[in-house]
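Here is the structure we will look at.
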Amino acid sequence: MSEHEQRQSAPSRGKVLEALTRAERKVVTRPAPKSAKAQVKFLLTRAKGSTKALAERLGVSRRTVERYRAGALKTPQKRLKAALVEETESEWQPQVRAQAREQASTSGGMMVEVTAYFGFTASGSSDDGRIRTITTPISPTYARQILDLQEAGATEEDLHPIVAEAITESYFTEWGTRADGLRADLTHVQSIDFLF
């Protein structure tokens, strides 16, 4: 399969999923390995030393993995370089990321900054839907639901309603103190960032 075919067959992750991944990567306490040799060595430890498994994961031959591990090859091509960075960062410091997820799910919650179209459903509402930029905290209950959905392999479309509910609770209804019965729909996400 050519690189072009691989790119076309790979589904795009979506802005909410990418934002959750970025938020996780921001909590690491040490920088991930930068050189191709160090990245391959790290990924081999995560693959329990299996050059075959790592080669399949990266889309290269076992011999290529062995050459990078030995330092015979130093500068990967663009596609392999991107794969090494992505795989290394996704595996780097799993305990630190797990602790941040646990804290967000139990006590700390998360912050979200989103620019998207918000439409509303409520009796007597005169506020028409429009593009808004909102920064607001998300309660630990909703943080847990969002993170559990992400871990279960939810799609972008699966996450939009729960993120909209979380924003409605904290921003629009101010934790249930106003606008009783209001429901916001989140669509056309232009940008989104989470912070643990």
Within the stretch 151-185, tally of residues that are open to solvent by less than 10 Å² (accessible area, probe 1.4 Å) and within 14 Å of V16 (Cα to Cα): 5
Filter the stretch 105-114 down to the residues that are open to solvent by less than 40 Å² (accessible area, probe 1.4 Å) and either at pLDDT 95 or above or at positive phi (or both) and list them by number. G109, M110, V112, V114
List the residue pairs whose Cβ atoms are under 6 Å apart, where the first residue sits in the stretch 87-100 and is touching a residue at least 40 places away in the same chain (Cβ under 8 Å), the second is buried (at least 19 other Cβ atoms within 10 Å of the Cβ) and assigned to a helix (DSSP H, G or I), and the two are 6 or more positions apart or on different chains. E87/L43; T88/Q39; R97/E24
The stretch 136-150, residues that are closer than 15 Å to T106 by Cβ and open to solvent by 10 Å² or more (accessible area, probe 1.4 Å): P137, S139, P140, T141, Y142, R144, Q145, D148
Residue check, T133 farther than 28 Å from F42 by Cβ and open to solvent by less than 80 Å² (accessible area, probe 1.4 Å): no
Within the stretch 25-41, the count of residues that are within 25 Å of E102 (Cα to Cα) and open to solvent by 30 Å² or more (accessible area, probe 1.4 Å) comes to 7
Show the residue pairs that are 6+ apart or on different chains and have beta-carbon atoms under 6 Å apart, the first residue being within the stretch 173-196 and at positive phi, the second being at pLDDT 85 or above and open to solvent by 80 Å² or more (accessible area, probe 1.4 Å). H188/Y117
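The values are calculated or read from the model by the stated rules, or taken from the named source; none is laboratory data. On a predicted model such as this, the values are computed, not experimentally measured, just so you know. Here Cβ is always computed from backbone atoms with ideal geometry, including for glycine, and neighbour counts include all displayed protein chains. Surface accessibility is based on the protein's heavy atoms, side chains included, excluding ligands, DNA and RNA. Shrake-Rupley method; radii C 1.70, N 1.55, O 1.52, S 1.80 Å.
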